[in-house]
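Visitor: Here you go, one structure.
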Amino acid sequence: MTISQAHQEFKFRCDKLDALNYPNFLPEEIDLILNNAQQRIVKQRYGLNNNKRQSFEETEKRTEDLKNITVNSTLTPLAYASDNIDISARFLTLPTDHWFTVQERCNITCTICGTPTTNLVEVIPISHSEFSKVIKDPFKQPTDTKVLRLMEAGRVELLSSCTIVDYRMRYIKQPATVNITTGVTFE
């Protein structure tokens, strides 16, 4: 559906519901209503906040609904920063359109018995409140088979016992903001 068709349908449905008494919405107001509805639909399809209590990829319908805004990205770690939470931590800047993380893995290089080995390992999300407990627990610390992840405003902070090569993620991006004036339509 194009943005023009969405505007027409919006006006038609308001007219049908209100028996020709609907207020004359400006195009900018209709755009705002459509953008809010688009965000609500994506959140509903991604999470469990819906009538059927089905989350993302639980059914083929849900997967199809969000396939156009599901994106892959490979991120490279930034240089060591002074504001890292730990000496072994590395920051990565998230894509500007990142909204919800779906899947994540990390390539790390470890030197085991004198031989450098690169492995694709799982990434475990942790909260800042559990960081102190996790980092002290030898069974929960980062190893050569797992990397820990913290989130920070527009950045990911990875904690690893090895060298981080790259961070691979699949995420739901924020859909483009539709606008009838500029012709930006739905994804």
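Visitor: How far apart, in nm, are the 7 Å Cα→Cβ label points at THR117 and GLU187?
Guide: It works out to 3.8 nm between the two label points.
Visitor: Set the Förster distance to 35 Å, then compute FRET efficiency between PHE100 and PHE12 from the Cβ-Cβ distance, nearest 0.05. Don't skip to the answer; put the middle values down first.
Guide: Working: r = 32 Å, r/R0 = 0.93.
The computed FRET efficiency comes out at 0.60.
Visitor: Need the full-extension length gain, LYS67 to LYS43, defined as separation in residues times 0.36 nm minus the C-alpha distance. One decimal, nm.
Guide: Numbers: separation 24, 0.36 × 24 = 8.64 nm, distance 1.37 nm.
In short, 7.3 nm is gained.
Visitor: How would the range 84-161 be classified by its alpha-carbon gyration tensor: rounded, prolate or oblate, with rounded meaning a/c under 1.5 and the a/b versus b/c comparison settling the rest?
Guide: Working: a/c = 1.98, a/b = 1.32, b/c = 1.51.
Verdict is oblate for the range 84-161.
Visitor: Next question, about the same structure. Could you tally the net charge around ASN179, taking each other residue with its Cβ under 9 Å from the Cβ of ASN179, Lys/Arg +1 and Asp/Glu -1? Display every interim value, and only then the final one.
Guide: Values: positive: none; negative: GLU28, ASP31.
For residues surrounding ASN179, the net value is -2.
Visitor: Need one value: the accessible area of ASP144 in square angstrom, 1.4 angstrom probe, rounded to the nearest 10.
Guide: 60
Visitor: Follow-up. In the chain, carbon and sulfur make up what percent of the accessible area (probe 1.4 Å)?
Guide: Details: 6040 of 11660 Å².
Carbon and sulfur: 52 percent of the exposed surface of the chain.
Visitor: Name the long-range amide H neighbours of LYS146: under 5 Å, sequence gap of 5 or more, or other chain; modelled H, no Pro or chain starts.
Guide: none
Visitor: Okay, moving on. Any idea what angle helix 27-46 forms with the longest principal axis of the chain, computed on alpha-carbon atoms, 0 to 90 degrees, nearest 10?
Guide: 50
Visitor: Next question. Is the range 59-116 rounded, prolate or oblate when judged by the Cα gyration tensor, a ≥ b ≥ c being the square roots of its eigenvalues, rounded requiring a/c under 1.5 and prolate requiring a/b larger than b/c?
Guide: Working: a/c = 3.51, a/b = 1.81, b/c = 1.94.
Oblate shape, in that a/c is at least 1.5 and b/c is the bigger or equal ratio.
Visitor: Once you have a ≥ b ≥ c as the square roots of the Cα gyration tensor eigenvalues for the chain, tell me rounded if a/c is under 1.5, and otherwise prolate or oblate according to whether a/b is larger than b/c. All intermediate terms of the calculation are to be shown ahead of the outcome.
Guide: Details: a/c = 2.95, a/b = 2.68, b/c = 1.10.
Prolate, since a/c reaches 1.5 and a/b exceeds b/c.
Visitor: What figure, in Å² to the nearest 10, do you get for the accessible area of GLU130 with a 1.4 Å probe and non-protein molecules left out?
Guide: Taking all protein chains as shown, GLU130 has close to 70 Å².
Visitor: Top to bottom by accessible area (1.4 Å), largest first, where do PHE25, PHE12 land?
Guide: Working: PHE25 60, PHE12 120 Å².
Heavy-atom accessible area, descending, gives PHE12, PHE25.
Visitor: Could you sort HIS7, HIS128 by accessible area so the largest value comes first, with the probe set to 1.4 Å? Please report the intermediate quantities before stating the final value.
Guide: Working: HIS7 10, HIS128 95 Å².
Listed by decreasing accessible area, they come as HIS128, HIS7.
Visitor: Within the chain, how many lysine pairs that are 8 or more places apart, or on different chains, have C-alpha atoms less than 16 Å apart? If you can, show how the numbers build up before the last one.
Guide: Values: LYS43/LYS52; LYS43/LYS61; LYS43/LYS67; LYS43/LYS173; LYS52/LYS61; LYS67/LYS173; LYS136/LYS146.
Lysine pairs satisfying the spacing and distance rule in the chain number 7.
Visitor: At 1.4 Å probe radius, can you tell me the per residue accessible area of the chain in Å²?
Guide: On the way: 11660 Å² over 187 residues.
Ligands and nucleic acids excluded, the result is 62 Å² per residue.
The values are calculated or read from the model by the stated rules, or taken from the named source; none is laboratory data. As the structure is a prediction and not an experimental result, all values here were calculated from the model. Every residue, glycine among them, receives a Cβ derived from its backbone with ideal geometry; neighbour counts consider all protein chains shown. Ligands, DNA and RNA are stripped out before the accessible areas are found, and what is left, the full protein with its side chains, is counted by its heavy atoms. Shrake-Rupley method; radii C 1.70, N 1.55, O 1.52, S 1.80 Å.
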